[in-house]
Amino acid sequence: MSTLIDNFGRQISYVRLAVTDRCNLRCQYCMPAQGIDIVPRKELLTYKEMYRIIRVLTELGVNKVRLTGGEPFARKDFMSFLEMLSYNDLLDDINITTNGALVSKHIKDLERLKKVKTINLSIDSLHADKFAKITRRDVFSEVYKTFELLEKSPLNLKLNVVVQSGFNTDEIVDFVALTKEKNIAIRFIEEMPFNGKGQRNTKEIWNYNKILNEIQSNYNVTQLISEKSSTSRNFAVEGHLGTIGIIPAFTRTICNDCNRIRVTSTGTFKNCLFDDGVFNLRDFIRNGASNEDLKELFLSLIKEKPENGFVAEANRKQGNVSESMSTIGG
């Protein structure tokens, strides 16, 4: 069987698929308060098209999918799509990244779908007023309710915290404290320029090293051996049940063994978060491409995967990064 191996010998086994560009929040690091163009629904991939793309990719060795948005639960019939996707016998893991505001009523159904393994819950503050300032929406109580339900669930739970200078850096130690009694993973993420405007001007740059120093100033931590192609550097905290991780998303020190590709909600294939898209799968499918055509296409496209995010950014045809993470797929 042919597999997806790039020119640097990396085997691709993981796809991030954005099921929608819509979101019920307007997080400051993801999009501006106004001005993001939501595409017409007919331009979004249909669920059948998404299923077909994932099926072909799994026949080429991909065994893990992460479903993102926008907010995936904001798309109608998302749970039905999860059910459909779970029938793919070549897929081992279905993971979901969500803001949690629409999830609490679906948790029992998520637990029933055995291939759904991990929920990444985005929550950037533990204070309702600050949460509202970051997200521009007053939904903290519902998100925290989802957190509490997921924490008691058999599903693996990871909390994603985008570290934003001037907003929530004073809460890093509070998030670490959650892992003392809770067997969860907290992942601190470097802020990126995908907010629809480009890199935000700040007095301080909270990169991997600064985040780690803040944690080490308050806790004794030991670095863990990370799984191959892990997006985070992970740590155990002395006396704590849970773990913490730091994702160097902007400083890009995790690219060397990258095993990931992305597909946006409109079908744009991306070899890297920082590229501007290399092919439109939606149009290819709607113009009559067969599954064999798709396989040949993927095998060809993966050869264009750049060595790292800096090369991808330098090769962008559209210049500086200024997209919204909601459009790309979080």
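The values are calculated or read from the model by the stated rules, or taken from the named source; none is laboratory data. From a predicted model like this one, the values you see are computed outputs, not experimental measurements. All Cβ positions, even for glycine, are placed from backbone atoms using ideal geometry, and neighbour counts span all protein chains on display. In case anyone asks, the SASA skips ligands and DNA or RNA and just uses the protein heavy atoms, side chains included. Shrake-Rupley method; radii C 1.70, N 1.55, O 1.52, S 1.80 Å.
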Checked against the positive end of the charge dipole of region 36-92 (+1 on Cβ of Lys and Arg, -1 on Cβ of Asp and Glu, about the Cα centre), the farthest of 67, 47, 91 is 47
Note on the chain: contact order normalised by length, alpha-carbon pairs under 8 Å, 6 or more apart, percent, works out to 23
Inter-part gap, Cα centre of region 172-193 to Cα centre of region 265-321, in whole angstrom, is 32
How much FRET efficiency would the formula 1/(1 + (r/R0)^6) give for residue 84 and residue 130, where r is the Cβ-Cβ distance and R0 is 30 Å, rounded to 0.05?
0.20
Report, by chain and number, residues whose modeled amide H sits under 5 Å from the one on residue 250, excluding near sequence neighbours (fewer than 5 apart, same chain).
190
How large is the accessible surface per residue of the chain, computed with a 1.4 Å probe and reported in Å² as a whole number?
45
On the protein heavy atoms, probe 1.4 angstrom, tell me the percent of accessible surface of the chain carried by carbon and sulfur.
48
Within the chain, what's the longest stretch lacking chymotrypsin sites (Phe, Trp or Tyr not before Pro) that sit in DSSP loops with no more than 15 other Cβ atoms inside 10 Å?
88-330
Per-residue SASA entry for residue 316, accessible area with 1.4 Å probe, Å² rounded to 10
20
If I stretch the segment between residue 314 and residue 138 completely, what's the gain in nm (0.36 nm per residue apart, minus their alpha carbon distance), one decimal?
59.5 nm
Using +1 at the Cβ of each Lys and Arg and -1 at the Cβ of each Asp and Glu in region 14-315, identify which of 167, 230, 132 lies farthest towards the dipole's positive end.
132
Among 64/180; 42/305; 270/317; 42/64; 117/180; 117/305, which pairs are too far apart, with a Cα-Cα distance over 24 Å?
64/180; 42/305; 42/64; 117/305
Max mean-square fluctuation residue, GNM over the chain, Cα-Cα springs under 10 Å, options 278, 19, 163
278
Near the amide H of residue 165, under 5 Å away, which other amide H atoms are found, from residues 5 or more places off or on another chain, if H is placed in the peptide plane?
206
Could you work out the local net charge near residue 117, counting Lys and Arg as +1, Asp and Glu as -1, over the other residues with Cβ closer than 14 Å to its Cβ?
+2
Top of 38, 246, 123 by mean-square fluctuation, Gaussian network on the chain, Cα under 10 Å
38
Spelling it out for residue 243: with amide H atoms placed in the peptide plane at 1.01 Å from N, the residues 5 or more places away or on another chain with amide H under 5 Å from its amide H are 184, 185, 186
As a test of the formula, what do you get for the chain when each DSSP H run with n ≥ 4 contributes -39,500 (n - 2.57) and the sum is divided by the residue count, at 222 nm and rounded to the nearest 500 deg cm²/dmol?
-7500 deg cm²/dmol
Top to bottom by accessible area (1.4 Å), largest first, where do 300, 229 land?
300, 229
HN-Hα couplings for region 164-172 via Karplus (6.51, -1.76, 1.60; θ = phi - 60°), in whole Hz with x for Gly/Pro, come out as 10, 4, x, 10, 9, 5, 6, 9, 3
FRET efficiency (residue 295, residue 7; Cβ distance; R0 22 Å; to 0.05) is 0.75
Yeah, the chain with a ≥ b ≥ c from its alpha-carbon gyration tensor (a/c under 1.5 is rounded, else prolate when a/b outruns b/c, oblate otherwise) is rounded
Highest GNM mean-square fluctuation among 116, 62, 221, for the chain with Cα springs under 10 Å, belongs to 221
Can you give the extra length, in nm with one decimal, that the chain gains between residue 304 and residue 104 once fully stretched, where that is 0.36 nm per residue apart less the Cα-Cα distance?
68.0 nm
